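Since the structure comes first, as structure tokens, the remarks are kept for the end.
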Amino acid sequence: MRSTLQEIRRLSRAEPFEPFVVHLENGRQVRVAHPEALASRRPLRSMAVFQPDDTLDLVDLALVARVEPSR
């Protein structure tokens, strides 16, 4: 089974890109609408997701429960 980090990488690099949702353990959901909306740095412990309304979601990768394509 893929780790959530591997799944985020796979979905963010997919061609053609399709939006996806990151589900956190606390029930929160963060939608990734475009690959350029993601930002992270090494070591990969967190990522920033820029939203279309100019807000920013910070995601602790240790708290990701699952990742799935957006429907």
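The values are calculated or read from the model by the stated rules, or taken from the named source; none is laboratory data. Fair warning: this is a prediction, and the values are worked out from it, not measured in the lab. Glycine also receives a Cβ, built like all others from the backbone with ideal geometry; neighbour counts cover every protein chain displayed.
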Fill in the blank from the handout: In segment 19-44, anything loosely packed, with under 11 Cβ neighbours inside 10 Å and either among the basic types (Lys, Arg) or over 15 Å from ARG9 (Cα atoms) (or both) is listed as ASN26, GLY27, ARG41, ARG42
Practice task
Please work out which one of (1) modelled with pLDDT of 95 or more; (2) β-branched (Val, Ile, Thr); (3) surrounded by 11 or more Cβ atoms within 10 Å (Cβ to Cβ) is the condition THR55 fails and give its number.
Solution key: (3)
Handout entry: Matching residues, segment 1-48, being over 15 Å from ASP60 (Cβ atoms), part of a strand (DSSP E or B) and either more than 10 Å from the chain's Cα centre (by Cα) or not charged (D, E, K, R) (or both)
Key = PHE20, VAL21, VAL32
Practice task
Could you list, in sequence order, all residues of segment 45-71 that are over 12 Å from ILE8 (Cβ atoms) and among the hydrophobic types (A, V, I, L, M, F, W, C)?
Solution key: ALA48, PHE50, LEU56, LEU58, ALA62, LEU63, ALA65
Practice task
Starting from segment 30-46, take each residue that is closer than 21 Å to PHE17 by Cα and list its partners that are of a type in the set (Phe, Trp, Tyr) and part of a strand (DSSP E or B), counting only C-beta distances under 6 angstrom and pairs at least six apart or across chains.
Solution key: VAL32/PHE20; ALA37/PHE50
